[in-house]
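Have a look at the structure below, then the notes.
Nothing in this text is a laboratory measurement; each read-out follows from the coordinates by a stated rule. It should be emphasised that the depicted structure is a prediction, and the values quoted were computed from it without experimental measurement. Note that we place each Cβ from the backbone using ideal geometry, even for glycine, and neighbour counts take in every protein chain shown.
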Amino acid sequence: MIRFLQILVFSCLVMLLVGCDGAEKEKPIWEQVKISDLAPAHSGKRPGDQSLKTINFGVYVFELPAENISLLDEIWRMLHTWPLRFIDYDAFCANSFSIGVGEIEMWSKIAESLEAAGAKKAPSVSLFLSDGRADDFTIATIYGEQPVSHVSAGGSMSSATIGPGRLVMRISARKIPGSRGVCYVEVHPVFSPPISTSIPHLAARAKSMELAFISAGFALKMSPGDFVLLGPEEFVSDQITLGSLFFSVPGGSLFYPKSEGRRSFSKPERKPAIRVFLLVCTRINV
């Protein structure tokens, strides 16, 4: 059966998954995020077409029971770390961040392992970045002031008060001159206070109050079909460390019994949960 599903994944046409039928068994991860979702988008340009000059990404979020975090170890072993560049690798790990890089051909096996860990897909987004520009993917909304501790470059422990605002994953990309179909991607967490004004100097002042967690950032070269998987090294639920804010799910999440799937007669159970993020380069058109 699993082999049959894998064949379906590889043969499906390019389409985005909108959702799944709540009355039926929950679809496996490899059907929720298909190989075709990760595949490069072919331009198929015709005379007169005005394509956007952008570098495109998909960001997918998966939630899984925190009790299954050890099952992610198999995934990290399958992925690469050599393409990655860090400000401080030791600080990156000390902030409880784990990461791996893969190619489109590897996704089926990664998806099977996520499925075995009880992962479910949360809403995803598409990002269209202009060359050299950045965009933010919201990780958590901070409604009031709260402390956050993190390990800075060099290994020192730092703390700050953040909020209200958003903890985001800031993603920037630029084309590499002379290299066709390759871009340089930089990612790091940032706390961003709300900007509610269009007055330039006030907006700039609010922007200056951002807090960038550079020590938890990374960079790499990517081509369409390449992906990065980002997850926690360990489960911490206190919501006062950078790693816990980034990867733990406040209040937990509902999971259906694995043997039942999402059936009308099954009762979901709320469990402590963690998040894993999948960043996929889908197109370079700059």
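Quick notes on this structure:
- Within the range 135-200, the chymotrypsin sites (Phe, Trp or Tyr not before Pro) that combine a DSSP coil assignment with at most 14 other C-beta atoms in a 10 angstrom radius are TYR143.
- Globularity index of the range 94-236, i.e. its alpha-carbon radius of gyration over 2.2 N^0.38 Å: 1.19
- Furthest towards positive pole of dipole, ILE139, TRP76, ALA119, structure part the range 51-171, Cβ charges: ILE139
- Neighbour counts of C-beta atoms inside 10 Å place SER96, SER215 in the sequence SER96, SER215, starting with the fewest.
- Working from Cα pairs under 8 Å separated by at least six residues, relative contact order for the range 54-284 is 30 percent.
- Put simply, when 218-227, 161-170 are sorted by average Cβ atoms within 10 angstrom per residue, most first, you get 218-227, 161-170.
- Cross-link pairs beyond the 29 Å C-alpha cut-off, checked among LYS120/LYS175; LYS121/LYS267; LYS53/LYS221; LYS53/LYS120; LYS221/LYS258: LYS120/LYS175; LYS53/LYS120; LYS221/LYS258
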